[in-house]
Amino acid sequence: MENSAWSVDGFLDQCRQSGDSAYTAFRSLLEKLEDLTTRAPARVFLSDLQKRFASGEASEQCLSTFHFRIQDIFLDQYEGYCGRKKLTMMVIPSIFIPEDWSFTFYEGLNRHPDSIFKDKTVAELGCGNGWISIAIAEKWSPLKVYGLDINPRAVKISWINLYLNALDDNGQPIYDGENKTLLDRVEFHESDLLAYCRDRGIELERIVGCIPQILNPNPDAMSKMITENASEEFLYSLSNYCALQGFVEDQFGLGLIARAVEEGIAVIKPMGIMIFNMGGRPGQGVCKRLFERRGFRVTRLWQTKAADTDISALVEIEKNSPHRFEFFMGLAGDQPICARTAWAYGKAGGRISHALSVYSCQLRQPNQVKTIFEFLKNGFHEISSSLDLFFEDDSVADEKIPFLAYLASVLKGNSFFPYEPPAGSKRFRNLIAGFMRTYHHVPVNADNVVIFPSRAVAIENALRLFSPRLAIVDEDLTRHLPRQWLTSLKIEFSNIPPDGLIFTCDSRISNGQLHAFDVPDIKGQLNGPCPTPVRFNDRAHQKVEATGGGYWDSHFEAVTSSAFEHLLNITGKIGSRLFLDMSDHFELSSLPSSNGVLKYLSGTPLPSHAAVICGLVKNQVYSDLEVAFVISEEEAIFKALSKTVELLEGNTALISQYYYGCLFRELLAFQLADRHPPARGLVCENEKPAEMIGFASSALSVLDNAELSITETENSSVIHMDASIFESFSRQNMAESETDITTSIRQFIKSNYGFPTSSGTEFIYADCSLALFNKLVLCCIQEGGTLCFPAGSNGNHVSSAKFLKANIVNIPTNSEFGFKLSEKTLAGVFESVNNPWLYISGPTINPTGLVYSNGEMENILSICAKFGAKVVLDTSFSGLEYDFEGCGGWDLEGILVRLYSSSKPSFCVSLLGGLSLKMLTGGLTCGFLVLNQPLLIDAFYSFPGLSKPHSTVKYTVKKLLGLREQKAGGLLDAVAEHKRILCSRAKRLKQTLESCGWEVLESHAGVSMVAKPSAYLNKVIKLKHPSKDGGSAETTTAYEIKINDSNIREAILRATGLGINSASWTGIPGYCRFTFALEDSEFGQALDCIIKFKDLIQ
């Protein structure tokens, strides 16, 4: 600006031309204000300009004629006034002119205590001409105020206003009590909401916003480039953020505020506060819910009313939706009316208004909520519409919000749930052990803890592991055991065998039969010496002679340390194992009550014959979410129980372990570890104990020979994890229809396999398909059937059937047919067995990776129909066929309709399946079983105790199946990519094996292949293993073995650390199984191990 340009008249002549010209003139003036050498005269010029239009009428004329206005805003009218009486502010048409609602907002800010902004870092969203940012700095002396606006002209005008108030009329700085000026405390920046702070890593302690509501969102409003040269009309609409924001609150005109809140969560400090001005048209409940469902505690600071004019857009919304907006008759009315009533009242000449409220909001669990929204913004924004972090009960919030944060961190860091050992997640077991140590001073570790889906499963697995002649089981838990075991037979004491299991004093099992009786009758039935009575809640004394095995529970809280010790001594003397249940009185609390048992264990190790069972069901949110753990300080018990989980259940649902693990973690974070835990004594052995009941010989044989998991990294998943599981937990009050997956499963098996269903078809679900298979094995045993496995079946399924003592026949297969089942061989086997059952894996065969065609399956089923066999068709390993040219798909409906019409009545086909592979659920499993025969359905339900998938898992499965049925591009692309990866790996594995002397059977599907170690048989290799006392590498001993079919697995494991399955697992003589469902790095390491083993042999 030249010196001649300091003329007020010349300046006004330029402004008179247009709004753009006025803005250009003020922008030039701002440049002078920013320059220290011209700052003072520029400020004096502004004073002269204001004096030219001193009256209110002149000020209004200035705005219409010269496209700007400078006026005073008086502050002494507001509550808590202190400091200067007024601020001087200018505006131009392309930015917001302060209206009643902005003054209402400032009034609300004044309702906070004076310390609210003192020395704090503050951001104002939509600062307009900057008056509120400047007023905050003037009154409360914050450390810094960032005034942010998306309108570039607003930012320039705000800077001018800052100079207007930071300098006096003579252009000299105005200092406050801390010797600072407003220029030290305030900055203005162009920013789309909080982008400026977010991009520069600025953490805020206060966020304030007077953000408009959008009554008619315009999707095209943000399509233009935002520049200060844009039209005044566009810049004004820009100040209103006319675009849809992609939030559920868009329908109420609150989408922009919703986005501001979510952006604020990312940059606000944990104890920060957000304060927003909200128009009450959508209703006060809707306005508060916007904040509450995002995890805020909300306080209404101030409310007034503002007049309304055109509300026709809201009337149209009400006509087409159930929502009702909130208006009032006049400014004094207190009864809310809807938009349609308000519109009619206005048409009749009445005045209508809506509430203006100022809300103060603070995150209830800031760090966790921040983690949740950090996860959602990375590609999962659509889930935010389902998110609900509002809870009436603080205890529910304290439980669920930390879990959602933990789940978000897991999903953010991994595209899949990591593989966990059958004993349970190591992290979860460590947390349980940590809780026992920290809160109850019981010094156990993760290797003393085994995780089960439920305590009922833990009890049944223990019974099958030991197969005692007698087990006494708590009456409440007998409903979870097979009812075939239950009778009302009374047992005389003299007939109780000297070994067994004790599972309480309410019911007994003998020779495979569980005998239930009333506790009060025990005393009369026992005629030998009895232990000291144990008092239960002032009820009658109940005497327990520990002569069987059992499970002890009743009124646990009253059991004293001495009574528990006496029970341990008695059971030890007679050789009985004791499983003690503490589920009902185990508290997940920061102040848990103790009891005699835990007090005893804090000072004395748990004897080898005793174990503790605890079912976790006491959470605040999900009454049907259960997991259980068993504590045993006997290594052999720990290992054996771990194997029973893998054989009979497959695994315990990870999501349950994560949920309760989060509860334990929160409690451990709350409590400091005891630096001086009490010393633990030794188990007292006053008398020589009787010989203890051991594992059943049949069970021990299966566990010893079954090739189960080796390490915690084996079979790690590379499968994509869909965020639907997070959405399922973020929801509240899911409708039953949202978790009913039967219709989806019915469609899934029809489109994939053409499997027929009817109104009489039964769909049964479990956490894992293996658990369903084992119940079918029990059905086979119950009806005296013979379970037939083709050579080349899943080794875990074969071992499970052996563990359950099924009558098993192996059907030979040969390499000529790729170790597939042939009709001739199958017919020959069926001719020699009674009541045949056939297990067959397809379309993908596990472990070979070959595929049964529709024609091959028709031939097999025809033989089964001829002999009246029951078929278990396992599709669990199918869905990832990457090279099956010529095989085509399955159409079982036509085949089965024909066969059912001409077969024996006993013939039926049950479809077993799982969704982990097919839907890429990343370790989140859901097994299903489809039964069509009524007798088999009844038999299946006679075996209770099935661990069913949680409602959140079923919600996830239903969403994924829906995406699959809709052929959603993202899911189909992920499946295609996964198949491509598996195909590539199969080829690489085949090449590596063949180059190292293995005979490979090429796979076409699935995640494994088989190969024969022809070049290694009868070769000698020297191996090392640790000494028996667990010494270091220096104390290891060496030994040599000659390699054969039975020890090749051990040789490779000891020599390289690579875990494979030998021929005893695959059922194919000489052929081992290799799996390639590994992380990329682990797959490369596996190939290196194969090469390393070849080099060692050479």
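Summarising the amide proton neighbourhood of V809: residues at separation of 5 or more, or on other chains, whose placed amide H is nearer than 5 Å comprise L787, C788, F789.
Loop-located chymotrypsin sites (Phe, Trp or Tyr not before Pro) in the stretch 1051-1098 (DSSP state other than H, G, I, E, B) with a sparse environment of at most 11 neighbouring Cβ atoms within 10 Å are absent. Along the axis of the charge dipole computed for the stretch 722-966 (Cβ charges of +1 for Lys and Arg, -1 for Asp and Glu, origin at the Cα centre), the listed residues I863, Q933, G879 are led at the positive end by Q933.
Taking all protein chains as shown and a probe of 1.4 angstrom, W343 keeps an accessible surface of around 110 Å². For the stretch 34-69 versus the stretch 260-284, the spacing of their alpha-carbon centroids is 35 Å.
How much of the accessible area of the stretch 722-966, in percent, comes from carbon and sulfur atoms when a 1.4 Å probe is used?
Details: 4070 of 8340 Å².
Carbon-and-sulfur percentage of accessible area, whole number: 49.
Note on D119: accessible area is roughly 80 Å² with a 1.4 Å probe, heavy atoms of protein only. What the phi angles of the stretch 172-185 give under the Karplus curve with 6.51, -1.76 and 1.60, with θ = phi - 60°, is a coupling list of 9, x, 9, 9, 9, x, 9, 6, 10, 9, 4, 5, 7, 9 Hz, glycine and proline written as x. Quick check: at a probe of 1.4 Å, how many percent of the accessible area of the stretch 1-64 sits on carbon and sulfur atoms? Taking all protein chains in place, the stretch 1-64 shows 45 percent carbon and sulfur surface.
Whole-Hz Karplus values for the stretch 304-321 come out as 9, 10, 10, 6, 10, 10, 8, 10, 4, 4, 6, 4, 5, 4, 5, 5, 10, 8 Hz, taken residue by residue from phi with 6.51 cos²θ - 1.76 cosθ + 1.60 and θ = phi - 60°; glycine and proline positions read x.
When each of the peptides 58-70, 561-573 is scored by the mean number of other C-beta atoms lying within 10 Å of its residues, the order from highest to lowest reads 561-573, 58-70.
Counting alpha carbon pairs within less than 8 Å and at least 6 residues apart, what relative contact order, in whole percent, applies to the stretch 722-966? Walk me through the numbers on the way to the answer.
Working: 411 pairs, mean separation 72.6, N = 245.
Taking the mean separation of contacting Cα pairs over the length of the stretch 722-966, I get 30 percent.
For a 20 Å ceiling on Cα separation, which of these pairs sit above it: K319/K347; K118/K269; K120/K288; K377/K412? Intermediate results must be reported in sequence, preceding the final value.
Values: K319/K347 17 Å; K118/K269 15 Å; K120/K288 25 Å; K377/K412 10 Å.
K120/K288, as the Cα separations exceed 20 Å there.
Taking amide H as placed 1.01 Å from N in the peptide plane, the amide H of E1079 sits under 5 Å from that of S716, each at least 5 places away or on another chain. Legend: residue pairs K805/K959; K820/K979; K32/K180; K144/K400; K370/K643, Cα-Cα distance threshold 32 Å; pairs beyond threshold, K805/K959; K144/K400; K370/K643. With a cut-off of 15 Å between beta carbons, the residues surrounding I317 carry a summed charge of -3, where Lys and Arg count +1 and Asp and Glu -1.
Surface analysis of the stretch 722-966 yields an accessible area of 34 Å² per residue, using protein heavy atoms and a 1.4 Å probe. Averaged over its residues, the stretch 245-378 has an accessible area of 40 Å² per residue, based on protein heavy atoms and a 1.4 Å probe. In order along the stretch 834-849, phi translates into HN-Hα couplings of 9, 6, x, 10, 10, 9, 9, 9, x, x, 7, 8, 9, x, 6, x Hz, rounded to whole numbers, per the Karplus curve 6.51 cos²θ - 1.76 cosθ + 1.60 with θ = phi - 60° and x for Gly and Pro.
Residues T992, T848 ordered from highest to lowest accessible area at a 1.4 Å probe: T992, T848.
Using the Cβ of S590 as centre and a radius below 13 Å, the other residues enclosed give a net charge of -3, where K and R count +1 and D and E count -1. DSSP beta bridges fully contained in the stretch 722-966 are about 35 percent antiparallel.
Protection proxy ranking, highest mean first, for peptides 384-393, 120-129: 120-129, 384-393, where packing is the per-residue count of other beta-carbon atoms within 10 Å, averaged.
Assigning unit charges at the beta carbon (Lys, Arg +1; Asp, Glu -1) and nothing else, what dipole magnitude in debye, to the nearest 20, does the stretch 722-966 show about its Cα centre?
On the way: 18 positive and 21 negative charges, 93 e Å.
Dipole magnitude for the stretch 722-966 comes out near 440 debye.
Per-residue SASA remark: D1045, around 60 Å² accessible (1.4 Å probe; ligands, DNA and RNA not included).
The values are calculated or read from the model by the stated rules, or taken from the named source; none is laboratory data. Everything numeric here is computed off the predicted structure, so don't read it as measured data. Quick reminder, even Gly has a Cβ in these numbers, built from the backbone with ideal geometry, and neighbours come from all protein chains shown. Note: areas computed on protein heavy atoms with side chains; ligands, DNA, RNA excluded. Shrake-Rupley method; radii C 1.70, N 1.55, O 1.52, S 1.80 Å.
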